[in-house]
Every structure is written in C-alpha cells, then in structure tokens.
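See structure below.
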2 protein chains.
Amino acid sequence: MSVTSDTHPVLVLNAEDNVAVALAPLAPGDDLGKGQGKVTQPVPAGHKVSRTPISAGTNVLKYGQIIGRATEDIPAGAHVHSHNLGMGDHKQSHALATELPQIVPSESADQFMGYHRPSGRVGTRNYIGILTSVNCAGSVAKFVAEVAEKTELLKEFGNVDGIIPITHGSGCGMSSKGEGYETLFRTLTGYAQNPNFGAILMIGLGCEVMQISTLVGHEGIRDETRFRFMTIQQSGGTRATVEAAQPILRELAVEANKAQRAPAPASALTVGLQCGGSDGLSGITANPALGVASDLLVAQGGTSILSETSEIYGAEHLLTSRAATPDIAAALLDRIAWWEDYTARNFGEMDNNPSPGNKRGGLTTILEKSLGAVAKAGAAPMNGVFRYAEPIDRPGFVFMDSPGYDPCSVTGQVASGANLIVFTTGRGSASGYKPTPCIKLASNSDMYQRMEEDMDVNCGDIVTGTTLEAKGQEIYRLMLEIASGRPSKSEMLGYGAVEFVPWQIGAVM
Amino acid sequence: MSVTSDTHPVLVLNAEDNVAVALAPLAPGDDLGKGQGKVTQPVPAGHKVSRTPISAGTNVLKYGQIIGRATEDIPAGAHVHSHNLGMGDHKQSHALATELPQIVPSESADQFMGYHRPSGRVGTRNYIGILTSVNCAGSVAKFVAEVAEKTELLKEFGNVDGIIPITHGSGCGMSSKGEGYETLFRTLTGYAQNPNFGAILMIGLGCEVMQISTLVGHEGIRDETRFRFMTIQQSGGTRATVEAAQPILRELAVEANKAQRAPAPASALTVGLQCGGSDGLSGITANPALGVASDLLVAQGGTSILSETSEIYGAEHLLTSRAATPDIAAALLDRIAWWEDYTARNFGEMDNNPSPGNKRGGLTTILEKSLGAVAKAGAAPMNGVFRYAEPIDRPGFVFMDSPGYDPCSVTGQVASGANLIVFTTGRGSASGYKPTPCIKLASNSDMYQRMEEDMDVNCGDIVTGTTLEAKGQEIYRLMLEIASGRPSKSEMLGYGAVEFVPWQIGAVM
Ligand SMILES: [Ca+2]
Ligand SMILES: [Ca+2]
Ligand SMILES: [Ca+2]
Ligand SMILES: [Ca+2]
Ligand SMILES: [Ca+2]
C-alpha cells in the first residue's frame, strides 16, 4: 500500500490495480503521482480514479481482485463509479482449504478481568436480562424494568450492571416450524445463555407461537437460581405481572450480585467483527486494522466471528481457500447457495447491498464492498461455519451466517455467544448492543473528529502513516480493557435498548 | 343462537351445525340439551362437541358454514378438535357483489371531541411523534424523548399528550425497491400523516436505505411548522443530535399546543377492527358485538377497517359477496392470491395460523377462526380494499390487507389513518398502539375478571343473556368517549412504546 502524492494523496492498494483510491477530493489537473498522468475529473475522497485507460468490458481491479467490469471505455484519470462500472459476471474458482495460513500461538498469555460463569464461559458484563418471547410482552418487560429503576432495586447489588428489557417485533404471526421459527428460537435461547447476563427473567404473553414452555424446555436454559419465567396471561394481566416480577428480580439480583470480576485468559473472548455504514476507506484502514487485532486474539486461543454473508458475497473464494478443512469451505458455499435462493424467491438480488451512504462513500459494487469487509477477518484459517445464532463451540476465526444489516447481524453474534463486538464504520454508525459492549472504529479522521463521542478508535490516521500493525495492537489492547469493564463510547451514551433485532425469515402471518 | 342447557350450557350457532360450542367445561354424561343425547368425553369450555355422529370425510359445520372435515368417524357427544377435524378442501364460490346489504344512515348525527387538523382529518389524540427511518436511529429517538422528559419540555404545553419515540427493527439491510421497501415507505409516511400526531420530528442515521430525503419528498409529509427532520451523521453524532433536537421539539410543541378539542362528527372516526389471542368465544361474543358497533359507525358515515388477511382466509366469500362493486371484490381475491404465493415461496401454508393459545381455546382450523374473525365487520357493504398502510380515502366498511399478527396489523391500520383501534381478545392480549388509543373487548367473563385492569369491555355476558345489539351500542358509545379523550385501559397502563411493527416483507440483507 503506497501513498503516491503528498499534496493530493492517492492510494494504490495493489500494483496490478487499474484504479487508485482518492484519499482527499481530487480536481482536474491533480497529479496521479509517480509519472502516472493527471486527474481529468473531480473525484470525491474515498472514490476511485482510473490509473490507466480501461476499455469497456474489461475487469476493474482493486486489492488485486476483480471488483466489476467497465461498462464503457474509461480514459486514464477518470472517476470510476456506478456510471461506468458494473457487476458483470464474477465466476471465481472456489479453492477449498488449499492455502491454509499459519497463526503462531502467542508466547505471552494475555488476560482480562471477567465474570466466570457456571457454564465455564466468561462474561465481560453482568446484566440481568428481561427477555421476551413475543412483541406482545415487550411493554410489560419495560414496565418491570421501570418499576425496578424507580424503587432502586439494584441499590444494594453493586456488581450488577443493570436490568435490561430485550424487546423485539416477532414471536407470533409466524409458522410454528421451519427456519423462521428455528432462527428466533436459537436467538432467544442464545441470549438466555450469553455469559454477559448474570441472570434472566423471561416474560411471555401466553398465547404466542413462540411458547415459553418450549423455550424453557431447551437444554441448558433451565438454571433455576439464575433463570425464571412468567406469562402475562397466567399472572393475571399487566399490573399483576409487573408486581409479581419484582420479588423475582430481587432473587435474581441476589444471585447475579455474587459474580465478581476475576482474571480470565484472552482465549475466553468471543468477538463479533462488524462493519456498518462503510465508505471507501473502511476496507483500507479500519477493516484491515481490525483484521490484525483478530489475528492477535486468535493467537491467544480466542474466537473471532465474521458474519454479514450478503456483504462477503463475491469474495467467498478468499474464505474457502483458507478454510481449515474442505467441509468447512463447503459449508460456507452451502450458505451462499441458500442466500442466492433466499434473495431470488424474495425478488431481491445479491448486488443491491451497497446502501446510498456506501455509494456516496465511493463503494460501487458488492464485490468491492465484500473485499473490504473480509479484511476484518485478518489472515487466520477459517475454523468453522455456523448458522445464525448457533452456539459457537470452538476457538479461532469462524464464520456465522447473517444478513449485513448491522443490528440483525450483531444480534445473531451475541446469541452465538459473543461477549464483545468490534464495529468499523465510515459514515458513522452510532449503536450499542446490550448486554455486549461494542467498540467503534472510525475509518476516517473527518468522521472521527465530527463524531468523537461515538467513536472509540480513529483508524483514519492509517492514511497518514500509522501502520496497520500498530493500529491492530491498539485495538487488541482496547478489547482487553473494554472486556475488563471500561465502558465503550456507546455504553457511556446509553445505547442498546432497541437494537435487539432477530433475523426475521419467512412470511409474517 | 340458543343456549340449550342451564346447568351445562352448550351453544348451537346455527340449526344446520353438527357441532355445538361448550360454554363451560363438559363432562361425560352431561346433557347436550333438548333430547339430543349425552356428552361422552370431557370437552373444555370454548371447544366443540358433536351433536350427531359425523362420519370420516364429512363436512363439519359451525355458523352454518364449513369449518373442515372429519378425519375419522366421530360419534355424537364427542370432543371435536385437531385430533379428528382437518382442513380438507375448501373450494367456495366467490360471488362478487351479489348480496349488497343496506346500512340505513343514522337519523341522529353523533359527535366526539377531536383535534381538527389542517388536512381536514380529525385526531383523537395530540402527540408529538419522533419517527425513525431506521433501527439505527431508535436509541437517539429515545434519548431525545428522555431529555425532553427530564427537562419537562412539555410543562407549559398542556394540550400535548406526550412525546413518543416510534422505533422499529428495519429501514436498512433491505432492497431499495420493491414491495418490502414500498411497504415500509407507506408505513412511515402514513404515521407522519396520522391525525393523532400534532407534530412530527423524524430522525435518521444518514447512510440507511430508507433515506429521510426520499421520505420528506413524499407528497403531504412536508408541513414545515409541524414536521421537522434531522440525521445523526449530519448533526455530528449522538449527543449533538440529542441537543439540537431540543429547541426543534420546543418549536413543534408550540405548534402542537395550539390544537384544541372541538366537536367533530362521528364520521371523522376511522376505526381499526382487530382480534388477537382469540378463543372459542371470540367469534360468538366479542367479534359480532364489535360488528354491531361497526355498523353503527358506518351508519354515521364513519370508516371501519377489517384486516388480518391470513385470518379471513377461507371465509373471503363472505366478504366478496357483499363488496360494493365487483372490482372491490376482485381486489380482495387478488390479495388472497398474493398471500397464497407469499406463504408458498416462504415455505409456509395458510392453515398454520391458529396459535397454540387459539387451539387451547378451542379453535381447530383457520376456516373456523376466519368465520369468527369476519364477524367483527358487521353487515355493511365492503366499500374498498387497500394495501397495507395505504391511505384510506372513503367512508364505510373497508378492508386493509395485513398479516394477522396483532402489532403488525395495527401498525398498518394506524399508517392507513386509523385514529381509534378496537381489539377483541379471548386469551387476554395486553397491548397499546401510540399514537392511537386501543379499546380492548374481552370475549369471556373469566378472562375479563382475571385481567380487568387490561380490558375495557366484558363481552362474556353475551352468553348469559346480554344481547349483541346492547353490547354493540355499549362499545359504540365507548368509542366516542375514548375518541374524545377518556383514556383506555392500555393507555392508563402506559402501553405503546414497542408495538410499532411495520410489516417486513422480503429478504433481510
Ligand atoms: Ca458490513
Ligand atoms: Ca453491517
Ligand atoms: Ca451494511
Ligand atoms: Ca385475529
Ligand atoms: Ca390478530
């Protein structure tokens, strides 16, 4: 990666590329650097400029990879974007487990201060969750928490981080079998088992499709000192439920309060990797820096989770080739095939993912966005492929299937066991995901300065000389600190009350 | 409708029926009444008992209509439910606009006290809404409302009912065209125009698919004294947005506070008809009583909206035959055909709607549930068929397409312009739908007594002698009172913060 000009910086990501990335707005006459000619059109920061003439139908290369094809003849020095760059075909060979990289185990064993749970897992927070089986119990979950707040129920339980209602829009008006039901079931039982909860109260209405009795029957959810449940209809209505919940919450608080932070190995971290509101710099600053941090965690025996299947679409060959086994590679291709069917039968297409904000930021095609997104996952072998919200049972870098939609993807990762989220953003996503802390990485300094109260780390300085390695180390150290209890920016702001968004698959009925 | 026995009441809904409804639990040996033999098995209240032997393959009749077919030979006096009753075929002739009923216009013009809006519509409440284009703006909408609460911003604006954040799980990770996008677009613009809002602040993140600039460009949403908007990314992050929103909210409060209740004709009411958590009595007590009230409103020139397409499935012939024109009837059949495709391509089926709670309450098939659901719509001609969240532009009884799922269906009705909701329930649904008040009708006295603080009207006394006509009058009078400002039970409890659930159609990406 080299910056070709001091005054009008242009970044060439790979020597084979026929486009470069503008690091600042370019004007006609600006030098492309190193005797490569002049810019001929205005090019916004983060957008692409052609380094050579590119004839219609020719592949456009960035990261040394195909990001699409020229839809018209493009002269050198031109702005390359939606008007002259399209998807074209993108057949790739999917080499399975052929390029297995090595991650050398770390010599030093790093630690953080966490909550050791009876399950053997370690929490980074110690919340009491009020889970809801259905939207129709959401208001009551809020009322229960509001009364507990007003009566200062937690006053004598200083080890508990808070009581948080987890509400959502589904749980009924759905088939009682099939992938939609199973996905929500895994999500709710996964939350109930996330180690960032010290205790759980689950509230249902009573007549919903997603029955509490079925959820409670699920293996592992039943730990009567730390898990309790009730329904509004059996409890005699709203006020009776809210009142009956208070002594139950108190009993749960007594249990949850027994937890104390104690040293835990970095290997007990399960980190969800995320990006949202990406721009043209995300894939060259924040994402590869997070990739370095992910590799450092994996070297400690920790787990990092890449997701957002719709956003890696077209770049899956980069993952299959480094799968730990051919079966793991095949599992990813299975999910990709499922996605092609899922979008087709819903009259969608896989190329419509870059949002208006992404496009304004300079990302033209899903291939380009995917190549930038995959950079978050560093270089470690892909050690497993999991369904959305499926419990993740192994160390290393793994993939969990999910949409790219941020709250939905994070919800799946937390259900899968993530006790920390690290989230890169270019446009400036502001969000939090209780019970799991979220660290925000800004891809550019402009946005970081504009939204400093929302951003934990500025990765924008990578374009002015900070190395990816140094930034990756900084992110990794911050992960251990936040895991140990230091609040992240979004936690300080109070985020997390509405961002539980289970993936709704199938017909609403 | 006749009660055949005093001690073990059994209700025969139509002389042709081969099943009766148990109004109390029946035991073997109980008299079926009027020399019709004895009960041979325990039958829970609300469930069906056979009046005659029914041989396998024979139609089972209730309301004089087919609700399914016997899947085995059923002797007289037996419990008839899922174990011996299935869907079978249910081909019906769809007579179009052939049986047009007459609703005689009322001689007296009833009134309520409402908020007359510049649009000509009349509100029953006067809220300031904080609408959100995307989930990623939901927390900020809440923070904005929390600061306004803490600073008592509304203290000097006594005519304003409150500041309510309207958050949801969608707005990004979706196609930017097609029915999923259009449905959410109609829902958000419909809320912005609902007359129960005195003013609107719309907040977005900035980079989402559902762009505020596109929403604001929509005809009718731009009324700068009562509609304002902002994005988190343009405003400089969370805290800057929350701060900048406060003076805007104050300006909106000044405008909203100018509204005063004044007499309005009952014809200005647009009432969403709903049922949720139905039981075996819903279709014979609360629903037909609401039908009487709906006809009284229609006689005044008001509008009542039936929805829940998946729950009228199989009973659509009852609606097409009373459509005001053949085109209106055809429009309903179009929606039914769309639903058959929608569920099929999502691997669902139209018969899986009765929830576990419905089934415990005695409802076996969707046909049976649908016949009971349609009773809410009284006898008026069907004057129009609308898409989900489409503005309703005419008086009379109309149909708006939606899932049966309560929060999703009500959300569509409020977006279509409903300024009042009336909701029947058997199992005991507790919910509210700000900005629109919701009246709850209990189908049975047991549940009413158990959940009296949640229920506005007990329709359970219909089985002990109160006439449908008297109960319908009671409901209609209460509608005018609640519309005039008397809080409904769910309003008194504070419901409505999480029940905004736009119909999510299509792939989450
Ligand atoms: Ca992403
Ligand atoms: Ca994302
Ligand atoms: Ca995205
Ligand atoms: Ca219903
Ligand atoms: Ca319903």
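The values are calculated or read from the model by the stated rules, or taken from the named source; none is laboratory data. For clarity, every value in this text was computed on a predicted model and none was experimentally measured. Every residue, glycine among them, receives a Cβ derived from its backbone with ideal geometry; neighbour counts consider all protein chains shown. Ligands, DNA and RNA are excluded from the accessible area calculation, which covers all protein heavy atoms including side chains. Shrake-Rupley method; radii C 1.70, N 1.55, O 1.52, S 1.80 Å.
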#### Entry: Residues being more than 11 Å from every other protein chain (Cβ to nearest Cβ) and in contact with a helix residue (DSSP H, G or I) (Cβ under 6 Å, 6 or more places away or on another chain) - total across segment A:423-438
4
### Task
Test B:Ser294 against the criterion of being touching a residue at least 60 places away in the same chain (Cβ under 8 Å), buried (at least 24 other Cβ atoms within 10 Å of the Cβ) and within 14 Å of another protein chain (Cβ to nearest Cβ), and give yes or no.
no
### Query
Residue check: is B:Pro165 part of a loop (DSSP other than H, G, I, E, B) and either touching a Gly at 6+ places or on another chain (Cβ under 9 Å) or of a type in the set (Phe, Trp, Tyr) (or both)?
no
### Message
Within segment A:322-341, does at least one residue satisfy the condition of being more than 20 Å from the chain's Cα centre (by Cα), hydroxyl-bearing (Ser, Thr, Tyr) and under 14 Å from A:Phe397 (Cα atoms)?
### Response
yes
### Message
Quick test for you: out of B:Met382, B:Met350, B:Met400, pick the one residue that is in contact with a helix residue (DSSP H, G or I) (Cβ under 7 Å, 6 or more places away or on another chain), more than 16 Å from ligand 2 (Cβ to nearest atom) and more than 21 Å from B:Ala293 (Cβ to Cβ).
### Response
B:Met350
### Query
With (1) away from every other protein chain (no Cβ under 14 Å); (2) within 16 Å of ligand 4 (Cβ to nearest atom) as the list, and B:Glu224 as the residue in question, which single condition is left unmet?
(2)
### Message
Being more than 23 Å from the chain's Cα centre (by Cα) and in a helix (DSSP H, G or I): is that true of A:Glu149 here?
### Response
yes
### Message
When you check A:Val422 against the structure, is it in the same structural domain as A:Ala299 (by TED's automatic domain parsing), more than 16 Å from ligand 2 (Cβ to nearest atom), within 30 Å of A:Arg121 (Cβ to Cβ) and hydrophobic (A, V, I, L, M, F, W, C), yes or no?
### Response
no
### Task
Restrict the check to segment B:338-346 and report whether at least one residue is in contact with a strand residue (DSSP E or B) (Cβ under 7 Å, 6 or more places away or on another chain) and of a type outside the set (Gly, Ala, Ser).
no
### Query
Does segment B:285-292 contain any residue that is within 16 Å of ligand 4 (Cβ to nearest atom), part of a loop (DSSP other than H, G, I, E, B) and assigned by TED's automatic domain parsing to the domain that holds B:Gly396?
yes
### Query
Taking segment B:456-503 as the region of interest, how many residues are within 14 Å of another protein chain (Cβ to nearest Cβ) and over 20 Å from B:Lys434 (Cβ atoms)?
1
### Query
Is segment A:443-454 home to any residue that is away from every other protein chain (no Cβ under 14 Å) and crowded, with 18+ Cβ neighbours inside 10 Å?
no
### Query
Looking at segment B:85-103, is at least one residue open to solvent by less than 10 Å² (accessible area, probe 1.4 Å) and either closer than 23 Å to B:Phe386 by Cβ or under 23 Å from the mean Cα position of the chain (by Cα) (or both)?
no
### Query
Of all residues in segment A:458-473, which are surrounded by fewer than 21 Cβ atoms within 10 Å (Cβ to Cβ) and assigned to a loop (DSSP other than H, G, I, E, B)?
A:Gly465, A:Thr466, A:Thr467
### Task
Filter segment B:138-161 for residues that are crowded, with 17+ Cβ neighbours inside 10 Å and small (Gly, Ala, Ser) and give the result.
B:Gly138, B:Ser139, B:Ala141, B:Ala145, B:Ala148
### Query
Of the residues A:Gln234, A:Gln246, which single one is surrounded by fewer than 20 Cβ atoms within 10 Å (Cβ to Cβ), away from ligand 5 (no atom under 16 Å from the Cβ) and within 14 Å of another protein chain (Cβ to nearest Cβ)?
A:Gln234
### Message
So for segment B:169-192 (the condition being at pLDDT 95 or above, of a type in the set (Val, Ile, Thr) and open to solvent by 10 Å² or more (accessible area, probe 1.4 Å)), does at least one residue qualify?
### Response
no
